[in-house]
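The block underneath contains the structure these notes are about, expressed in structure tokens.
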Amino acid sequence: MILPKLENQSVICWQIRVRGTVQGVGFRPTVFKLATDLGITGRVFNDGEGVLIEAWAREFELTKFLQSISTQSPPLAKIEAIEHTVIEELGELSENLCRIPTAFLIVSSAKGQSATNVSADAAVCSDCLEDVFNPLNRRFRYPFTNCTHCGPRFSIVRSIPYDRACTSMDVFAMCNDCQSEYDDPHDRRFHAQPNACHACGPRVWLEATGTHVPSDVTLPDDHIESAAKLIEQGAIVAIKGIGGFHLACDATNENAVARMRQRKQRYEKPFALMAKNIAMIENYCCLNTIETKTIADTSAPIVVLAKLTQKQNCSEIAPSVAPGQKTLGFMLPYTPLHHLLFEQLSGPIVLTSGNRSEEPQCIDNDSARKSLAQIADYLLMHDRKIVNRLDDSVAQVSCEQKTYLRRGRGLAPNPIPLPQGFEKAPDLLAMGSELKNSFCLIKNGKAIVSQHLGDLEEANTFADYKHNLALYKDLYQHEAKHIAVDLHPEYLSSKLGRAMAAEQALHLVEIQHHHAHIASCLADNNYAYDAGPVLGIALDGLGFGSDNTFWGGEFMVADYHSFERLGSFKPVALLGGNLAMKEPWRNTYAHVISCINWTDFKHKYADLELTKFFETKPLATLNKMLASQFNSPMASSCGRLFDAVAAALNICRELATYEGQAAIELEAIVNLELLEELDDGEVYVFDISNENNGAGPYIDPKPVWQAILDDLLRGTKREIIAARFHQALANSIVAMAKQLIMREEKQLTTIALSGGVFQNKILEKLVKSALEADSFNVLTHRQVPANDGGLALGQAMICAAIQIRQNEE
């Protein structure tokens, strides 16, 4: 609506700067519409800092315009700041019409140093879906339909500004109809860089791999419909998506799922699932309001959901989809291609990453033909190049709050604004961890956390890590002055960071692993630079300590600058070194021997199945290793305690085929009803010992082990033992926290929980609720994972804080 013009009111020109994720998301056409409706003239364009607007009107119109930009920005935009300055003030309208622009224009992007954000990929919007399923629309059944509100972004971009020439769409010349939409500021597809249709855009086709099906097999004309029918008939189909290939099969077909596991060599780790809609998911899982909102978000993550029980008349998912779990990871279709598949499918499908276990996801057609031909029967391909590999993001809802277990497609590289006080943070690079790696850039008051890259021990993943470091440097025109690395001497990320610092004469900062976990949690909660120290509780599998030993169950007073270790879990040997992370029984034996010598154990528990299992092992050799600490370093690891308890209950005893498997399956068997009804007399009790050679108190599991072994001897059910263990562990963590806070002279009222162990929803809820009941402010993760996937953010924050303080001194 055009507002009435007031007599004798001056026209002025405002220059309006908008910063944030405002390119490639339909921001300029939105500004154009708002300006036109208000009768404002001028221009808008993209540049290296975001969006710049020059607007001519009277002050009350410009004020309303500014407010409208904030409240009516497009769905994918994320405004971080809006600033305006007065450029020129004119006399009355009638005297100056010749100097005022006669229209509002969208002009071409201006080149310049990057200070804007690259938008993450977004799920297809409802308007585009309507086009896809409308027989009268020219995009009827076109699998690459998109607009400025949805579709590929980061996965196709090579550089910024985000224009078509800087994406993998540059090889597809738009037809006249698409070009007309692209050029029309009134159109939903104005400057939609991936804009395309049947006539001019990418195409999709289906081919047999030649390994399991002859390559010259005759396929129907409608390749997507054919792929869906093949999946329902039991075939495995590799599907090229936005950020990489997926492997798909019928999730209710046990034979198909088992074949996929065998071929993919992923024997027990849960598979992700895709369902047509929420109603289909509700046949298998229960969703609360937050979970429903999360799964339907434009980022379209996999959401880990509780399975329906048999009493709730659930439908059946193949047992091999998620063995040993009470949860399933579901996502909704997020591309037109997915929606077209589900037009033909009657049930959910497995949709897991297209790779062999632990290798990076395939992203190009030739590598898929080579690598996936041994797994898939068919390949559903397309010819739009994937520039940047992106695994699906994974979320769960814990303590009535959404949190991420993996940050990938739909989230990366959306920036995280830095907390108050970090405005002067220098440009820096944090290299991240060895496992579940991501890295982090700091630039212009923002943390840019990369997508999940994986475990760097795998050679192809490490190569992908180095590729992405170069990509982000170019994409953000980032010149780091400082490099932050983990303290561990053997992490490949740390070795590379040290080499880069030496070669480029950059300042190197080495950061303790668990301090980085706590700093990550603080930043995740927008905790201010000068807000004071917190009690940090960091529980994980392993991290290198500042005393050159291995830590993993840590209590520390910490801020962004420094930390002091106050207490820990009792150190226990990692029997066999790295083997202890893969063979959980080694942790059980080490824990048992640290609490009860073998002679006494064998005498008291001779009839236990666990004892007979131990006797199949080379005990004399193991005992010598423990006595001499040969290849058995001590570690205060809470993660290995979980492994030890799980293996004692014959869960993943011999071999864990993926990281955290034993702990995850131990959590899964907990009887939740019993857990809520436990009284104090039924719960195990940890000791808190103050005799630790001056290193602070530690949580001692000895009495818990005696109670667990006695319960096993009595034949107590595993689900009861697991419940008692979880409650006892939570009680001990809370008791230790309160004891340490009472000792500290500082008045600590905030407690930060971090580390992969806190992805255990039962433990997190028990600890958080108990601490909050005592009026503590408890911080947990929201935007980045509590596991090592969030470590780089913490490294970056510590490095930035150190530099800011040095500049202040």
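The values are calculated or read from the model by the stated rules, or taken from the named source; none is laboratory data. These figures come from a predicted structure and were not determined experimentally. Cβ sites come from the backbone with ideal geometry, for glycine too, and all protein chains shown count toward neighbours. Accessible surface areas use protein heavy atoms only, side chains included; no ligands, DNA or RNA. Shrake-Rupley method; radii C 1.70, N 1.55, O 1.52, S 1.80 Å.
Percent antiparallel among DSSP beta bridges with both residues in the chain, to the nearest 5?
70
For residue 650 and residue 79 in the same chain, what is the full-extension length gain: residue separation times 0.36 nm, less their Cα-Cα distance, in nm? Intermediate values should be presented prior to the final figure.
Numbers: separation 571, 0.36 × 571 = 205.56 nm, distance 5.17 nm.
Here the answer is 200.4 nm.
Within 10 Å of each candidate Cβ there may be at most 15 other Cβ atoms; applying that plus a DSSP loop requirement, which trypsin sites (Lys or Arg not before Pro) in the range 168-224 survive?
Here the trypsin sites (Lys or Arg not before Pro) that fit, given the DSSP loop and packing criteria, are 203.
In the chain, what percent of the accessible surface is made up of carbon and sulfur (1.4 Å probe, ligands and nucleic acids excluded)?
C and S atoms contribute 49 percent here.
Count the net charge of all other residues whose Cβ sits under 10 Å from the Cβ of residue 565, scoring Lys and Arg as +1 and Asp and Glu as -1.
Net of charged neighbours comes to -3.
Testing the spin-label approximation: label points 7 Å from Cα along Cα→Cβ at residue 774 and residue 602. State their distance in nm.
4.3
How many angstrom separate the Cα center of the range 260-329 from the Cα center of the range 759-809?
28
Determine one quarter of the surface area of the Cα convex hull of the range 628-755, which equals its mean projected area, and express it in nm² to one decimal.
10.3
What FRET efficiency comes out for the pair residue 292/residue 782, r = Cβ-Cβ distance, R0 = 25 Å, nearest 0.05?
Details: r = 18 Å, r/R0 = 0.72.
After rounding to 0.05, the efficiency reads 0.85.
Relative to the present Cα-Cα distance, how much length would full extension add between residue 45 and residue 134 at 0.36 nm per residue of separation?
Between residue 45 and residue 134, full extension yields an extra 28.7 nm.
Work out the FRET efficiency for residue 10 and residue 747 from their Cβ-Cβ distance, taking R0 = 51 Å, and round it to the nearest 0.05.
Working: r = 55 Å, r/R0 = 1.08.
Efficiency, rounded to the nearest 0.05: 0.40.
For the range 34-50 and the range 628-694, write down the distance between their C-alpha centroids in whole Å.
59
Could you please state, rounded to a whole Å, how far the C-alpha centre of the range 697-756 is from the C-alpha centre of the range 545-590?
Using only Cα atoms, the two centres lie 16 Å from each other.
Simple spin-label model, 7 Å along Cα-to-Cβ: residue 212 to residue 627 in nm?
Output for this residue pair reads 5.3 nm.
Taking Rh as the Kirkwood radius computed over C-alpha pairs, what is the Stokes-Einstein D of the chain at 25 °C in a medium of viscosity 0.890 mPa s, expressed in µm² per second?
In µm²/s, the coefficient rounds to 86.
Is there a quick way to get the dipole size of the chain? I mean about its Cα centre, with the Cβ of Lys and Arg at +1 and of Asp and Glu at -1; what is the value in debye to the nearest 20?
That gives a dipole near 1060 debye.
Which value in deg cm²/dmol, rounded to the nearest 500, describes the helix-derived mean residue ellipticity at 222 nm for the chain, given -39,500 (n - 2.57) per DSSP H run of n ≥ 4 and division by the residue count?
So the helix-based figure for the chain works out to -9500 deg cm²/dmol.
Modelled label-to-label distance, residue 102 and residue 165, 7 Å Cα→beta-carbon offset: nm?
Inter-label distance under the simple model: 3.0 nm.
Provide the FRET efficiency to the nearest 0.05 for the residue 233-residue 617 pair, computing r from the beta carbons and using R0 = 41 Å.
Computed FRET efficiency for residue 233 and residue 617 comes out at 0.30.
On a full-extension model of 0.36 nm per residue, what is the gain between residue 326 and residue 400, subtracting their alpha-carbon distance, rounded to one decimal in nm?
24.8 nm
With every protein chain kept in place and ligands, DNA and RNA left out, what is the accessible area per residue of the chain? Probe 1.4 Å, answer in Å². Before the final figure, lay out the partial values.
On the way: 31700 Å² over 809 residues.
With all protein chains present, the chain gives 39 Å² per residue.
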